[in-house]
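Only one structure is covered here, and it is reproduced in the block below.
The values are calculated or read from the model by the stated rules, or taken from the named source; none is laboratory data. Every value quoted in this text rests on a predicted model; they were computed, and no experiment measured them. Here the Cβ positions follow ideal geometry from the backbone for every residue, glycine too, while neighbour counts run over all protein chains shown. Surface accessibility is based on the protein's heavy atoms, side chains included, excluding ligands, DNA and RNA. Shrake-Rupley method; radii C 1.70, N 1.55, O 1.52, S 1.80 Å.
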Amino acid sequence: MAGARSTRRRAGTGSPDAVPGSYESGEPHAPTPPSSTRAGPVAFPDARVYGVAGWAPGGSSRRQRRAARALEAAHRRQLMAERQAELEALRAERRARPYLPRGGEPGPKAGRSYRRLALTPHRATSEVLAGAYPFLAEEGLGAAGMLIGQDAWSGSAFCYDPFELYRQGALTNPNIFLAGQIGRGKSTLAKSLAVRSVAFGRRVYVPGDPKGEWTAVTNAVGGQAVELGVGSPARLNPLDEGPRPTGLADAVWRAQVATRRTNLVAALAESTLGRPLQATERTALDAALTDAQRRSTTPVLPLVVDAMLEPSQPSPGSSIDQLTADGREAAHALARLVRGDLAGLFDGRSTVTFDPMLPMLSLDLSAISGSDTLIGLVMTCASTWMEAALADPDGGQRLVVYDEAWRLLAQPALLARMQAQWKLSRAWGLANLMVVHRLSDLDAVGEAGSQSRGLAQGLLGDTATRILYNEPFDEAQAAGSVLGLTSVEVAQLPELARGEGLWRVNERAFVVRHLCTPGELALFDTDGRMVRA
């Protein structure tokens, strides 16, 4: 019995030499080690390999069991070290990654919520989310073209070039409309666009400068500024042929010159009469112009007026007496340019010549700025030469600036010519820039439903770039309804600071801070008389 008890005790769990769950080394077979392989294989001096660290077979010596426990402890320390290294790497990565933790920033007043918000995810298009999520901003128009300033919404640089954007397909036409209150910086922006266009190899034409602000700018870039006014030595013959486009046949050129002269004289007569010409008056005018061209290869207005007052030969369908009676009223209207308050400006041969290859040309009308009618007549005369220069296919890309355009919109003849240039801007390589004080200036043209009103509103419809500077609340509401501005854009207009403008480029909107160099600010200054004693 003692031997049996000894055997049983040696094989049971109470034996000091046994390990729970193990067998003596003398047993015919040993159990399969556990499946966990956290530790590598353990080798004992007797060359037997075991799969679990710290496990020793029955009958192992105390030294072997101590070695197995030490090996298991070392392995656990190794696992803990590896886990600690992983956690440290994860913490370092989180510290280096700039993102907001799911529970909010730590610390006091960090806006952390006690519980996680259970909100349903909202899915929408990027166009909708751009307004719902305030941290999204426009990517801009690219880096090609002139640097205008800074995009106030994104903080990035804002570049604009109507010709480059049209080439990319971002614009449907290169025309520009600029409006804003007095003293908000719209004139500075217009001059900046002109000067920076010259740096890109484009030519700039200013067909009318009522305040004389463009003369210094034109001279600074090496252009030509012609000052016209009563008592001025400069004289401009509106019946000059003007610059001839290259590669044009003689017959075609003569026909174009004759048509341009006829339209010009008719436009001058309508402007002075204040009404459209009747059919018989137009016949008398054409007969007088034909007579004047027969007398001189370069006719002048006095010859046309004399031929209308005293016709020398009849015209088909009209006798000399009929021509005299039909053209009498129109002749006296044109005599204003010859012997009236505009005498000395357009009643003789030209004393100045225009070079269309210069970087900038401007017509200074500050000496006659008191009358919108006189300015309209002068610009109508100047437009004859300009049309020939603008229609030249080899003229390159040009910017035509209509400053103080509200004065010109009241002249039907000029309005029709402006519409033709807006329509033909792509064919002629033009970018027309119209500068007004407010959008309602277009509604002041003609009567409601009139042709003049339709032409003025058509200019805005043919303009893909609309720039609006600070406007009062009522004007902002009107601009929003006409241009289709959003409520956010309408609310932005009265808040714009000086030099800031809302740019609508097709359907894209930007708030741009116009930036100028100190030299540009000194050149574009229009407040000299207000700030200097």
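Residues of region 260-298 being farther than 19 Å from SER319 by Cα, assigned to a loop (DSSP other than H, G, I, E, B) and open to solvent by 60 Å² or more (accessible area, probe 1.4 Å), which ones?
GLY274, ARG275, PRO276, THR297
Could we say that VAL352 is at pLDDT 80 or above and either under 25 Å from ALA279 (Cβ atoms) or open to solvent by 20 Å² or more (accessible area, probe 1.4 Å) (or both) here?
Details: at pLDDT 80 or above: no; either under 25 Å from ALA279 (Cβ atoms) or open to solvent by 20 Å² or more (accessible area, probe 1.4 Å) (or both): yes.
Answer is no for this residue.
Could you give every pair whose Cβ atoms fall below 6 Å, whose first residue belongs to region 457-479 and is in a loop (DSSP other than H, G, I, E, B), and whose second residue is β-branched (Val, Ile, Thr), counting only separations of at least 6 or pairs across chains?
Going by the 6 Å Cβ cut-off, the qualifying pairs are ALA464/THR172.
Can you say whether ALA118 is at pLDDT 70 or above, open to solvent by 100 Å² or more (accessible area, probe 1.4 Å) and not charged (D, E, K, R), as far as the supplied structure shows?
When the stated conditions are applied, ALA118 passes them.
Could you list, in sequence order, all residues of region 185-218 that are farther than 24 Å from CYS159 by Cβ and open to solvent by 30 Å² or more (accessible area, probe 1.4 Å)?
Once the filter is applied, which keeps residues that are farther than 24 Å from CYS159 by Cβ and open to solvent by 30 Å² or more (accessible area, probe 1.4 Å), region 185-218 yields LYS211, GLU213, ALA216.
Kindly provide the set of residues from region 152-206 that are at pLDDT below 90, in contact with a helix residue (DSSP H, G or I) (Cβ under 8 Å, 6 or more places away or on another chain) and small (Gly, Ala, Ser), ordered by number.
The answer is ALA179, GLY180, SER187.
Limited to region 300-342, what total is found for residues that are open to solvent by less than 40 Å² (accessible area, probe 1.4 Å) and closer than 30 Å to THR218 by Cα?
Result for region 300-342: 5.
State which residue is farthest from the chain's Cα centre (by Cα) when the search covers only region 147-204 and only residues that are more than 26 Å from GLY480 (Cβ to Cβ) and charged (D, E, K, R).
That would be ARG203.
Out of VAL221, VAL226, VAL257, VAL252, report the one residue that is crowded, with 19+ Cβ neighbours inside 10 Å and not hydroxyl-bearing (Ser, Thr, Tyr).
VAL226
Restricting the search to region 357-366, which residues are part of a loop (DSSP other than H, G, I, E, B), within 24 Å of ALA405 (Cα to Cα) and open to solvent by 30 Å² or more (accessible area, probe 1.4 Å)? Talk me through it step by step, then tell me what you get.
Restricting attention to region 357-366, the residues satisfying the condition of being part of a loop (DSSP other than H, G, I, E, B) are 357-359, 365.
With the extra rule that they be within 24 Å of ALA405 (Cα to Cα), the set shrinks to 358-359, 365.
Scanning region 357-366 gives LEU358, PRO359.
Read through the list (1) closer than 30 Å to ASP392 by Cα; (2) surrounded by fewer than 21 Cβ atoms within 10 Å (Cβ to Cβ); (3) at pLDDT below 85; (4) under 22 Å from the mean Cα position of the chain (by Cα), then give the number of the only condition that LEU459 fails.
(2)
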